[in-house]
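A.B. asks: Submitted below is the structure of interest, expressed as structure tokens.
The values are calculated or read from the model by the stated rules, or taken from the named source; none is laboratory data. As the structure is a prediction and not an experimental result, all values here were calculated from the model. Positions of Cβ are generated from backbone atoms using ideal geometry, with glycine treated the same way; all protein chains shown enter the neighbour counts. To get the accessible areas, we keep the full protein, side chains included, count just its heavy atoms, and leave off ligands, DNA and RNA. Shrake-Rupley method; radii C 1.70, N 1.55, O 1.52, S 1.80 Å.
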Amino acid sequence: MKELPKAYEPQNYEDQIYRSWEESGYFNPDKLPGKRAKAFSIALPPPNVTGKLHLGHASMLSYQDIMIRYHRLKGDKTLWLPGMDHAAIATQNVVEKELKKQGQTRHDLGREKFLAQVNQFAEDSKVIIRNQLKKMGSSLDWSRERFTLDENLSLAVRTAFTKMYDDGLIYRGERVVNWCTRCQSTLADDEVEYKEEKAPFYYFKYGPVVIGTARPETKFSDKTIIVHPKDKRYKDLVGQEFAVEWINGPVKAQVIADPVAEMELGTGAMTITPAHSFLDFELAQKYRLPLEKIIDQNGNLTQLAGEFAGQNALQARAGIVKKLQQKGLVEKIDEEYVHNLSVCYRCGTPIEPLPSKQWFVAVNKKIPGRGKTLKQLAIEAVKKGGIKIIPDRFNKTYFQWMNNLHDWCVSRQIWYGHRIPVWYNQKIKKTKNQENKAEIYVGLEAPKGEEWKQDEDTLDTWFSSGLWTFSTLGWPASASASAGKPAKTGDLKQFHPTSVLETMYDILFFWVARMIIMSCYFMKEIPFKTVYLHAMVKDKEGRKMSKSLGNGIDPLAMINKFGADALRLSMIIGATPGTDLRLYEEKIAGYRNFVNKLWNISRYILNQKSKTKNKLARRSLGVGGTLADRWILSELDKIIAATTKNIEEFKFSAAGEELYEFTWNKLADWYLEIAKIEENKEEILLAILEKLLILWHPFCPFVTEAIWREMGKKTLLMVQSWPTAKKHKERGVEKDFKLIQEIITAIRNSRSERKVNPKDTLDCSITTANKAVRANLHLIEYLAKVKFGQNISGHKIHLSKADLAIALPLNNNVAAGNEADIANLKNYIKSQEQKLANQQFLSKAPSAVVKAEQEKLLQAKERLGKLK
RNA sequence: GGGCAAUUAGCUCAGCUGGUUAGAGCGCUGCAUUCACAUUGCAGAGGUCGCAGGUUCGAUUCCUGCAUUGCCCACCA
């Protein structure tokens with residue numbers, strides 16, 4: 001066997017190993033070896049085709065690959081389905097930004113040319129992203145890769161839309177929506193972000209009352225004053241109508257009493273602007289007030305603004321206030337007012353709420369034949385439908401959000417995305433305020449005839465990604481429509497519901513909730529059984545990584561520098577679900593060191609094998625052997641059981657941590673050292689290594705596969721069998737071995753304190769009746785660098801747990817540290833004695849606890865006696 | 001305004017259903033270097049577990065309040 005390099009160089013292995021995995025076909029569940037009865041599936045949350053991957057993706061990929069590889073090793077029919085999201089607004093924005101640099105807009109190109117350009121950009125992004133997914137080691141089934149704009153997924157979208165429309169769950173309506181004047185599109189409620197801002201707050205005289213507002217520019221045609229019914233100040237005004245001198249002359253105003261007006265707020269009286277405020281819109285509906293548009297889709301003032309018409313609303317503000325001042329209608333201006341400005345989550349432009357005719361999904365309407373609303377379906381799915389959310393507390397967040405859910409605006413005025421499958425008949429004359437049924441066609445394909453023109457709008461990107469778990473598996477083709485639960489075939493039957501949905505907590509609402517709604521409605525089953533929400537990756541100071549801060553870490557750079565395995569480990573170990581993770585280079589470097597340690601452990605073991613190839617020990621595993629052998633096998637069993645349990649319970653951090661501890665602190669630090677003096681360990685070492693590599697494989701697939709190959713194995717590590725714990729009872733082994741470890745550590749400690757050169761061998765004497773110790777003196781001699789045999793008087797070491805005494809030829813001066821130890825012990829003994837003298841404790845505490853405390857006291861006393 | 005989380009060693013974090021002289025990694029200190037690995041080994045120092053009450057024989061762990069930080073939701077009267 002050729003000599004392995006001293007250090008593991010990931011760059012020399014990773015790409016090649018990934019290729020061999022791919023070529024094996026094992027990423028595809030249909031090609032996995034052996035009988036695999038149980039299915040395990042995860043749909044990859046599709047990355048946006050907006051460019052490249054960041055650490056958030058890297059983190060998600062690590063978690064999912066762990067689960068996928070674990071289940072594949074366990075013998076499940078395992079599918080991890082890759083794909084990407086067209087991410088409508090986000091992607092269109094990127095391309096529009098590029099155009100802007102050339103001084104162009106999408107309108108200069110026209111719909112067709114513009115879309116061609118976006119599609120090209122998306123295709124380019126896909127190539128980059130695919131490569132990055134592979135760099136992370138993701139064992140994705142590329143033969144099943146999907147894209148939200150694929151033929152079948154588009155069919156799924158049209159089918160979904162049509163069915164919802166037929167069920168009366170999709171309607172078109174004129175409502176106040178969130179409008180981004182830059183994107184020129186509507187936004188869903190949850191696509192709006194809030195930014196705290198200091199802005200002047202104005203108090204205006206409006207007829208008999210004073211009203212407060214932060215947005216004078218919307219107030220031109222305010223005609224309705226709302227006061228609280230119980231407000232005595234305005235009691236007499238309620239129901240009255242009168243003329244009021246206002247911005248552009250007198251207006252006729254009326255006063256309505258409604259409890260939404262809060263008496264304590266401002267002056268207690270407000271005027272309403274139905275077209276540009278959600279709250280006011282609702283009031284206007286309630287009292288049947290007219291909807292007058294003051295601001296248009298470009299953010300400019302309309303004709304209703306009179307002399308201000310055509311001006312940008314925000315810029316016109318100063319002029320409007322000035323005019324009111326001249327008219328003596330300004331009571332005061334509060335410059336210190338702080339409020340939340342709503343902005344577009346994509347581009348940061350302030351949102352204009354304005355009335356617009358849009359398509360909505362009705363979440364509070366009963367579904368025909370099912371007697372429940374979409375909202376109720378989605379709530380039930382988590383409450384009693386078998387969806388488990390980890391961490392637990394997000395259940396509450398989920399319900400809170402679901403309960404407050406309003407109808408979902410699904411139409412977007414952008415070009416990139418799924419065109420709304422609605423056609424309008426141009427020949428039928430439109431009746432003014434009424435929709436003529438014959439005028440609209442909703443269906444999978446365009447109706448025949450030139451008079452039919454398709455809706456210009458596209459669908460919210462989350463409408464298509466909401467279908468992700470089943471559209472990617474072949475729906476609607478592989479599900480026959482029926483009154484009951486749809487009959488599934490093929491992949492859909494095998495892999496839906498998917499096993500786990502793993503993603504970051506910030507898209508619980510955007511995406512997870514919508515998948516639940518869509519799946520419960522279309523598939524009549526949950527989309528996934530478990531939702532595992534991982535944390536956000538932050539920088540060392542706990543700040544979000546962002547381009548503007550320049551504190552981002554590029555996963556690819558980290559992979560180049562430390563290897564994909566190190567990056568994966570650094571994001572898994574030490575992370576708690578739902579609690580943000582701070583990541584920095586030193587951390588990744590630390591796991592690079594570990595990967596190298598694993599490499600060298602293997603290097604040592606493989607070297608042993610080649611040295612003694614022809615005289616392998618006959619001893620079979622688990623029976624007989626030295627104390628150290630039995631100890632390490634018992635520890636191995638324990639770590640197999642623990643790792644299995646941890647992964648099954650989604651405790652990935654704990655799984656990694658415990659494996660790390662076993663590998664470094666038990667196997668490398670103790671057993672491998674012992675292997676240097678106890679002979680004939682090749683067989684047992686190899687057996688341990690094989691199992692260890694399988695256990696580590698889900699976490700760090702590259703290095704484990706690389707070592708596996710160096711072992712001369714013919715089949716890939718990724719399809720071996722997950723080990724099971726044997727549970728042989730090794731009572732006493734652990735205790736005995738621990739005692740020997742303690743003796744060794746105590747001697748090393750004494751040597752170190754007295755600055756004995758580690759090279760020097762010290763004479764040493766030991767008296768003990770302990771059989772295990774007597775049988776393993778060679779370990780102590782070797783690992784503590786001592787030689788037994790002579791009678792030594794001098795420095796004595798005592799251990800409380802065993803009846804034994806060790807003497808070293810060192811001066812016996814009790815160092816200062818020892819005095820502190822004695823003082824500590826004395827304190828401890830005192831507190832134990834007090835506890836055990838306490839009648840309450842003795843009578844109320846469980847007897848096992850009392851016993852344990854008594855034992856601790858005895859041990860402490862013994863130790864003290866020997867220290868003195 | 002409503003809600004959720006966090007607060008443990010210099011730093012990043014574990015610590016499950018109350019009983020540990022409170023743990024890990026990094027960093028720090030001392031010693032070692034042709035021995036699988038300096039991306040190393042051995043040994044060590046370092047914490048009154050945010051504050052104040054309460055429950056309990058016993059609280060880092062449970063409860064209440066407070067403080068600080070972060071996040072989510074609502075809201076431009």
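Residues checked against (1) part of a helix (DSSP H, G or I); (2) among the aliphatic types (A, V, I, L, M):
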{"residue": "A:Val531", "(1), (2)": "no, yes"}
{"residue": "A:Lys547", "(1), (2)": "no, no"}
{"residue": "A:Gly552", "(1), (2)": "no, no"}
{"residue": "A:Leu556", "(1), (2)": "yes, yes"}
{"residue": "A:Ala589", "(1), (2)": "yes, yes"}
{"residue": "A:Asn593", "(1), (2)": "yes, no"}
{"residue": "A:Arg603", "(1), (2)": "yes, no"}
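A.B. asks: To continue, here is another question. Regarding A:Lys35, is this residue within 16 Å of RNA strand B (Cβ to nearest atom) and assigned to a loop (DSSP other than H, G, I, E, B)?
C.D. replies: Judged against the criteria, A:Lys35 is not a match.
A.B. asks: For A:Leu149, state whether it is modelled with pLDDT of 95 or more, farther than 30 Å from A:Cys700 by Cα and in a loop (DSSP other than H, G, I, E, B).
C.D. replies: yes
A.B. asks: Moving on to the next point. Identify, from the list A:Ile526, A:Ile517, the residue that is part of a loop (DSSP other than H, G, I, E, B), under 30 Å from A:Lys366 (Cα atoms) and modelled with pLDDT of 95 or more.
C.D. replies: One residue alone meets the criteria, A:Ile526.
A.B. asks: Working only within segment A:440-454, note down all residues that are open to solvent by 30 Å² or more (accessible area, probe 1.4 Å) and in contact with a helix residue (DSSP H, G or I) (Cβ under 7 Å, 6 or more places away or on another chain).
C.D. replies: Within segment A:440-454, just A:Leu444 meets the criteria.
This table checks each residue for (1) farther than 29 Å from A:Phe652 by Cα; (2) touching an Asp or Glu at 6+ places or on another chain (Cβ under 8 Å); (3) basic (Lys, Arg).
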site: A:Ile707; (1), (2), (3): no, no, no
site: A:Gly712; (1), (2), (3): yes, no, no
site: A:Leu717; (1), (2), (3): no, yes, no
site: A:Trp722; (1), (2), (3): no, no, no
site: A:Gln741; (1), (2), (3): yes, no, no
site: A:Thr745; (1), (2), (3): yes, no, no
site: A:Asn757; (1), (2), (3): yes, no, no
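A.B. asks: In segment A:639-651, how many are open to solvent by 10 Å² or more (accessible area, probe 1.4 Å) and under 17 Å from A:Leu685 (Cα atoms)?
C.D. replies: Total meeting the criteria: 1.
A.B. asks: Same structure again: Could you check segment A:181-201 and list, in sequence order, the residues that are more than 9 Å from RNA strand B (Cβ to nearest atom) and open to solvent by 20 Å² or more (accessible area, probe 1.4 Å)?
C.D. replies: Once the filter is applied, which keeps residues that are more than 9 Å from RNA strand B (Cβ to nearest atom) and open to solvent by 20 Å² or more (accessible area, probe 1.4 Å), segment A:181-201 yields A:Thr181, A:Arg182, A:Gln184, A:Lys198, A:Pro200.
A.B. asks: Continuing with this model, one more query. Note down all Cβ pairs under 8 Å where the first residue falls in segment A:226-249 and is more than 22 Å from A:Leu283 (Cα to Cα), the second is assigned to a helix (DSSP H, G or I) and open to solvent by 20 Å² or more (accessible area, probe 1.4 Å), and they're at least six residues apart or on different chains.
C.D. replies: Correct list of pairs: A:Ile247/A:Gly306; A:Ile247/A:Lys323; A:Asn248/A:Gly306; A:Asn248/A:Glu307.
A.B. asks: Under 8 Å between Cβ atoms, which residue pairs at least 6 apart in sequence (or on different chains) link something in segment A:652-675 that is open to solvent by 30 Å² or more (accessible area, probe 1.4 Å) with a partner that is not in a helix (DSSP H, G or I)?
C.D. replies: Correct list of pairs: A:Glu657/A:Ile573; A:Glu657/A:Gly574; A:Tyr660/A:Ile573.
A.B. asks: What number of residues within segment A:540-563 are within 18 Å of A:Arg592 (Cβ to Cβ) and over 19 Å from the mean Cα position of the chain (by Cα)?
C.D. replies: Number of matching residues: 8.
A.B. asks: Still on this structure: Of the residues A:Lys547, A:Lys597, A:Lys529, which single one is open to solvent by 50 Å² or more (accessible area, probe 1.4 Å) and either touching a helix residue (DSSP H, G or I) at 6+ places or on another chain (Cβ under 9 Å) or within 13 Å of RNA strand B (Cβ to nearest atom) (or both)?
C.D. replies: Among A:Lys547, A:Lys597, A:Lys529, only A:Lys597 is open to solvent by 50 Å² or more (accessible area, probe 1.4 Å) and either touching a helix residue (DSSP H, G or I) at 6+ places or on another chain (Cβ under 9 Å) or within 13 Å of RNA strand B (Cβ to nearest atom) (or both).
A.B. asks: Counting only residues that are under 19 Å from A:Leu492 (Cα atoms) and open to solvent by less than 10 Å² (accessible area, probe 1.4 Å), how many does segment A:46-71 have?
C.D. replies: 1
A.B. asks: Of all residues being open to solvent by less than 40 Å² (accessible area, probe 1.4 Å) and over 23 Å from A:Ile295 (Cβ atoms) in segment A:208-241, which is farthest from RNA strand B (Cβ to nearest atom)? Just the residue, please.
C.D. replies: The qualifying residue farthest from RNA strand B (Cβ to nearest atom) is A:Leu237.
A.B. asks: Can I ask one more? Under 6 Å between Cβ atoms, which residue pairs at least 6 apart in sequence (or on different chains) link something in segment A:678-700 that is closer than 20 Å to A:Asp65 by Cα with a partner that is of a type in the set (Ser, Thr, Tyr)?
C.D. replies: A:Leu693/A:Thr704; A:Leu695/A:Thr643; A:Trp696/A:Thr704; A:His697/A:Thr704; A:Pro698/A:Tyr70
A.B. asks: Also, I was wondering about something else. Could you check segment A:292-316 and list, in sequence order, the residues that are assigned to a helix (DSSP H, G or I) and under 15 Å from A:Pro353 (Cβ atoms)?
C.D. replies: Scanning segment A:292-316 gives A:Ala313, A:Leu314.
A.B. asks: Within segment A:253-275, can one find any residue that is within 11 Å of RNA strand B (Cβ to nearest atom) and touching a Leu at 6+ places or on another chain (Cβ under 6 Å)?
C.D. replies: Looking through segment A:253-275, at least one residue is within 11 Å of RNA strand B (Cβ to nearest atom) and touching a Leu at 6+ places or on another chain (Cβ under 6 Å).
A.B. asks: Out of segment A:550-591, which residues are open to solvent by 40 Å² or more (accessible area, probe 1.4 Å), without any contact (Cβ under 8 Å) to a residue 60 or more places away in the chain and within 13 Å of RNA strand B (Cβ to nearest atom)?
C.D. replies: Those that are open to solvent by 40 Å² or more (accessible area, probe 1.4 Å), without any contact (Cβ under 8 Å) to a residue 60 or more places away in the chain and within 13 Å of RNA strand B (Cβ to nearest atom): A:Lys561, A:Thr579, A:Asp580, A:Arg582, A:Tyr584, A:Glu585, A:Glu586, A:Lys587.
A.B. asks: Of these, A:Lys113, A:Lys134, which one is closer than 30 Å to A:Ser62 by Cβ and surrounded by fewer than 21 Cβ atoms within 10 Å (Cβ to Cβ)?
C.D. replies: Result: A:Lys134 is the single residue among A:Lys113, A:Lys134 that is closer than 30 Å to A:Ser62 by Cβ and surrounded by fewer than 21 Cβ atoms within 10 Å (Cβ to Cβ).
A.B. asks: Moving on to the next point. If a residue must be over 27 Å from A:Cys180 (Cα atoms) and either of a type in the set (A, V, I, L, M) or open to solvent by less than 10 Å² (accessible area, probe 1.4 Å) (or both), how many such residues does segment A:336-372 contain?
C.D. replies: Final tally of qualifying residues: 1.
A.B. asks: If I go through segment A:328-350 residue by residue, how many of them are in contact with a Pro (Cβ under 7 Å, 6 or more places away or on another chain), outside any strand (DSSP E or B) and within 13 Å of RNA strand B (Cβ to nearest atom)?
C.D. replies: Qualifying residue count, segment A:328-350: 1.
A.B. asks: More than 10 Å from RNA strand B (Cβ to nearest atom) and closer than 23 Å to A:Gln311 by Cβ: does that describe A:Asn248?
C.D. replies: yes
A.B. asks: Considering A:Thr704, A:Thr745, which residue is assigned to a helix (DSSP H, G or I) and in contact with a His (Cβ under 7 Å, 6 or more places away or on another chain)?
C.D. replies: Going through A:Thr704, A:Thr745 in turn, just one is assigned to a helix (DSSP H, G or I) and in contact with a His (Cβ under 7 Å, 6 or more places away or on another chain): A:Thr704.
A.B. asks: Among the numbered conditions (1) open to solvent by 10 Å² or more (accessible area, probe 1.4 Å); (2) more than 21 Å from A:Leu79 (Cα to Cα); (3) within 15 Å of RNA strand B (Cβ to nearest atom), tell me where A:Ala513 comes up short.
C.D. replies: A:Ala513 satisfies every listed condition except (1).
A.B. asks: Would you be able to say whether some residue in segment A:653-664 is within 11 Å of RNA strand B (Cβ to nearest atom), touching a Lys or Arg at 6+ places or on another chain (Cβ under 8 Å) and farther than 19 Å from A:Gly732 by Cβ?
C.D. replies: yes
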